[in-house]
Amino acid sequence: MGSKRPRSRHHVQPAPHRPLRVLVVGAGVGGISIARGLLRDGHDVTVFEQRPEVRAGGGAVTIWSNGETVLRQLGVDMDGAGQELSTVRVMTSTGRPMTTLDVTAIVDRMHAPVRMVPRRILLGRLLEGFPAERIRCNTQVVGVAEDSRGVHLEFADGSCADGDLVIGADGLHSKVRDIVGAQHAEPTGWCSWQGLASLPESADRRVAFVIVGEHGNLGLWPAGDTEAQWWFDLPWPPDFVRPERPIEVIRANFSGWSELVDQVLATLTDDDLTRSPYPHFRHPIPGPGRGAVTLLGDAAHTMPPTLAQGTNQALLDTMVLCKAISDTRSSGDLSAALRWYEKTRRRRVAAVSRVASLQVSHGESVLRPAALVPDRVMTWVLATFLRAVSHRRMAAGISRNLAAAPTSGSDEHAR
């Protein structure tokens with residue numbers, strides 16, 4: 001999903017049926033996912049990571065049914081990972097119920113579970129069976145160029161790598177996005193203080209909570225075993241100065257909102273907030289790219305975490321991009337395949353980003369009318385929205401084809 005070509009001369013399309021040499025920038029969830037998918041499909045894939053090792057930052061992520069479907073296609077075993085959810089309860093800071101989402105009904109409708117998973121566990125599952133020699137750490141990308149021999153990554157140490165295709169999966173501050181000239185992410189004016197903590201013994205391990213106040217909101221979602229993902233959302237002004245004792249700020253804003261939350265707040269210290277806050281950003285969705293370079297995941301469409309769809313949208317990018325590249329085996333037109341991927345994803349991911357960015361998610365008074373809508377209707381609306389943005393017909397066809405396909409030698413690369 002780029003917007004202008006890196007410096008280039010004429011780029012020769014790879015011959016039909018020849019495996020592509022794919023250069024993936026970024027070894028996070030998105031980068032490893034697309035690498036797994038393309039290795040599964042028989043391509044020659046190398047992943048470049050600027051950090052000294054592959055590791056997951058942050059707390060936990062929600063894998064909705066649409067993301068779970070893609071993980072199954074990639075052969076990732078998620079059994080026992082994190083915590084499967086049955087219910088999401090949304091209420092006001094004064095304890096007034098707003099809506100209760102029946103996650104089990106969404107699971108039944110979309111035929112895949114919904115789970116909260118620590119990011120480290122998700123990345124670990126993606127790396128199971130992944131050939132370690134295909135990941136090169138300590139490689140900082142500084143340039144991308146195209147010529148008659150293909151596309152080339154240039155690194156800070158003066159070295160380079162040659163391939164047929166570059167996929168920028170290097171996150172919010174994507175270097176590849178900068179190189180192709182796409183617009184920078186814009187702050188939304190909010191941030192999250194977040195992390196993992198021990199779940200209070202009194203908590204139901206399948207029920208997640210979202211509590212909305214006039215000037216902030218919070219969440220407490222079970223993430224497996226005794227862990228829970230907690231977050232506290234507050235405004236993030238342009239002149240933000242990090243407080244010396246952030247835990248005091250969090251307690252001043254959120255104490256008394258819920259007995260369960262108070263139990264978590266009592267266990268947190270400033271050390272638990274060391275990596276916070278995480279400002280919310282939103283990328284303008286880029287227009288059509290050019291040549292043999294494209295973007296995936298947060299590099300293409302960072303969005304606020306309101307809908308917990310960031311990781312799921314990166315997985316859907318993986319599914320659609322793998323299909324696009326697979327379809328080039330007959331046409332050999334790689335550039336056209338990348339533009340089809342970008343166009344196919346653009347409208348759906350833009351819809352998710354718009355909904356995730358609505359400021360009503362941060363206003364108790366604005367959301368009060370939601371309490372008048374029956375819970376089953378709210379559940380139906382969410383399920384319908386997820387189905388509408390998830391390429392469900394494409395996903396069903398891909399899953400059927402993968403189930404029917406015999407195991408080949410190339411499959412073993414990613415298993």
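Going from the residue with the fewest nearby Cβ atoms within 10 Å to the one with the most, Ile32, Ile135, Ile325 rank Ile135, Ile325, Ile32. For Leu123, the shell of other residues with beta-carbons less than 12 Å away shows a net charge of +2, using +1 for Lys and Arg and -1 for Asp and Glu. Positive contributions from Lys and Arg (+1) and negative ones from Asp and Glu (-1), summed over other residues with Cβ under 11 Å from the Cβ of Glu84, come out at +1.
Equivalent-ellipsoid semi-axes for the chain (Cα gyration tensor, √(5λ), whole Å, largest first): 37, 23, 20. Relative to the longest principal axis of the Cα atoms of the chain, helix 334-356 runs at roughly 10 degrees. Other residues within the sphere of radius under 12 Å centred on the Cβ of Thr269, judged by their own Cβ, net out at -2 (K and R +1, D and E -1). In terms of surrounding Cβ atoms within a 10 Å radius of their Cβ, Phe254, Phe281 rank from fewest to most as Phe281, Phe254. What the Cα atoms of the stretch 289-331 give is an Rg and a Dmax of 12.5, 40 Å.
For the chain, the 222 nm mean residue ellipticity estimated from helices alone, with every DSSP H stretch of n ≥ 4 adding -39500 (n - 2.57) and the total spread over all residues, rounds to -10000 deg cm²/dmol.
Multiplying the residue separation of Arg72 and Asp270 by 0.36 nm and removing their Cα-Cα distance gives an extension gain of 67.4 nm. The stretch 112-129 and the stretch 286-320 have Cα centres separated by 19 Å. Principal axis analysis of the Cα atoms in the stretch 217-337 yields extents of 61, 39, 22 Å, listed in decreasing size. Counting neighbouring Cβ atoms within 10 Å and putting the fewest first, the residues Arg400, Arg136 line up as Arg400, Arg136.
Each reported figure results from applying straightforward, stated rules to the coordinates on display, with no laboratory input. What you see is a predicted model, and the numbers here were worked out from it, not measured in a lab. Don't worry about glycine lacking a Cβ; one is built from the backbone with ideal geometry, like all the others, and counts go over all protein chains shown.
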